[in-house]
1. Might you check whether a residue that is touching a Phe, Trp or Tyr at 6+ places or on another chain (Cβ under 6 Å), under 22 Å from Arg2 (Cα atoms) and either in contact (Cβ under 8 Å) with a residue 24 or more places away in the chain or crowded, with 19+ Cβ neighbours inside 10 Å (or both) occurs anywhere in segment 135-154?
2. So Ser166 passes all but one of these: (1) more than 28 Å from Pro32 (Cβ to Cβ); (2) in contact (Cβ under 8 Å) with a residue 24 or more places away in the chain; (3) in a loop (DSSP other than H, G, I, E, B). Which condition number does it fail?
3. Restricting segment 117-159 to residues that are touching a strand residue (DSSP E or B) at 6+ places or on another chain (Cβ under 8 Å) and polar (S, T, N, Q), which is nearest to Ser78 (Cα to Cα)?
4. Confirm whether Ile29 is farther than 23 Å from Met1 by Cβ and touching a Gly at 6+ places or on another chain (Cβ under 9 Å).
Amino acid sequence: MRKIILYSAVSLNGKIASADGGVAWLEEIPNPDKTDYGYHDFYKSIDTTIQGFRTYQQIINWGIDFPYPDKKNYVLTSKSDLADTEYVEFVSENLIEFAKNLKTQVGADIWLIGGGLANSSLLNADLIDELIVHVMPIIIPNGIELFGGTPIQSQLQLIDSKTYSSGVVELKYKLS
């Protein structure tokens, strides 16, 4: 069975984005070694992405080409009137059943990009298999939490950790 992996960067105080959804603060982290923190290898290991609608809107407003054109991309939304695009299929009904079914299909692992509400929805439905979180050495105020809404209490098992010279700490967990 395919795994859903939440792969994200967070501030030290658990924010994945500023209050307006921006992630420009990530560029403020010094990265003298120009490391990608394992992103390239992780990206090669997946063939599908899932993200919430607000995360998708933020990505398309960056003014760049769609960053995941070689993957199957799903956007979870409550809006039922959205037309699929060249790269994205919008999913508005039975989001949990959709994710359960997706895990049973043949393919590589699935990247849960976020945001906070999508993360909590899939966590609460026991659909996240692993979390790879990069804790960035910065505190940002009034941002979006890694798990928005009301996440359930969940026990995690640390399977790996790495520390980078930039001060970034990578934590890899599986759900117990």
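No value in this document is a laboratory result; all are computed from the given coordinates. Keep in mind it's a predicted model, so treat the numbers as computed, not measured. Glycine gets a Cβ as well: all are built from the backbone with ideal geometry, and neighbour counts include every protein chain shown.
1. No - not one qualifying residue is present in segment 135-154.
2. (1)
3. Ser121
4. Considered against the rule, which asks whether it is farther than 23 Å from Met1 by Cβ and touching a Gly at 6+ places or on another chain (Cβ under 9 Å), Ile29 comes out as yes.
Here's the yes/no breakdown for (1) aromatic (Phe, Trp, Tyr); (2) exposed (fewer than 15 other Cβ atoms within 10 Å of the Cβ); (3) touching an Asp or Glu at 6+ places or on another chain (Cβ under 9 Å):
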| position | (1), (2), (3) |
| --- | --- |
| Ile4 | no, no, yes |
| Tyr7 | yes, no, yes |
| Ser18 | no, no, no |
| Gly22 | no, no, no |
| Trp25 | yes, no, no |
| Glu28 | no, yes, no |
| Asn31 | no, no, no |
| Lys34 | no, yes, no |
| Tyr39 | yes, yes, no |
